[in-house]
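All remarks here apply to the structure that follows.
The values are calculated or read from the model by the stated rules, or taken from the named source; none is laboratory data. All figures in this text were calculated on a predicted structure; none of them were measured in a lab. Neighbour counts run over all protein chains shown; Cβ positions are idealised from the backbone, glycine included. Only protein heavy atoms, including side chains, enter the accessible area calculation; ligands, DNA and RNA are left aside. Shrake-Rupley method; radii C 1.70, N 1.55, O 1.52, S 1.80 Å.
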Amino acid sequence: RVTREMILKASMVDTVAEVNAVMLRDCNIEVFDDNRTQPFRLEELCNVECLFLSHNLIKDCLGISQLTTLLELNLNFNNI
């Protein structure tokens, strides 16, 4: 699952509220949804406009529907 730390590192910002683009290409992500093991909810990404998740292992994109500010989405080379 995706974690807050993964997103912050990829976006080079201090808080998830500052994130407007996320590039997590080839990170072996299987599920892009809320992370129950590490308290993180996708709705915290309240300003994200671009999400690049190509070359992962994602099977469905239900969690992505929580990102209401999303303008661009790349899910190329996943198992959807």
Ignoring ligands and nucleic acids, what accessible area does CYS61 show with a 1.4 Å probe (Å², nearest 10)?
60
Spin-label model distance (nm) - PHE77 vs ARG36, 7 Å beyond Cα toward Cβ
3.2
So what are the ³J(HN,Hα) numbers for segment 21-32, from phi and the Karplus equation (6.51, -1.76, 1.60; θ = phi - 60°), rounded to whole Hz, Gly and Pro as x?
8, 10, 10, 10, 7, 6, 10, 6, 6, 9, 10, 10
Once the chain is represented by equal point scatterers at the alpha-carbon sites, with solvent omitted, what log10 I(q)/I(0) does the Debye formula produce at q = 0.24 Å⁻¹?
-1.25
About its Cα centre, what dipole magnitude does the chain give when the only charges are +1 on Lys and Arg Cβ and -1 on Asp and Glu Cβ, stated in debye to the nearest 20?
200
With θ taken as phi - 60° and the coefficients 6.51, -1.76 and 1.60, list the Karplus ³J(HN,Hα) couplings across segment 49-57 in order, rounded to whole Hz; mark glycine and proline as x.
10, 10, 9, 10, 10, 5, 6, 10, 10
Using modelled amide H (1.01 Å from N, peptide plane; none on Pro or chain starts), what sits under 5 Å from the amide H of VAL22, excluding residues fewer than 5 places away?
CYS50, LEU51, PHE52
Amide proton proximity set for VAL31, modelled H, under 5 Å, gap of 5+:
VAL2
Might you report the magnitude of the Cβ-based charge dipole of segment 13-55 about its Cα centre, with Lys and Arg at +1 and Asp and Glu at -1, to the nearest 20 debye?
100
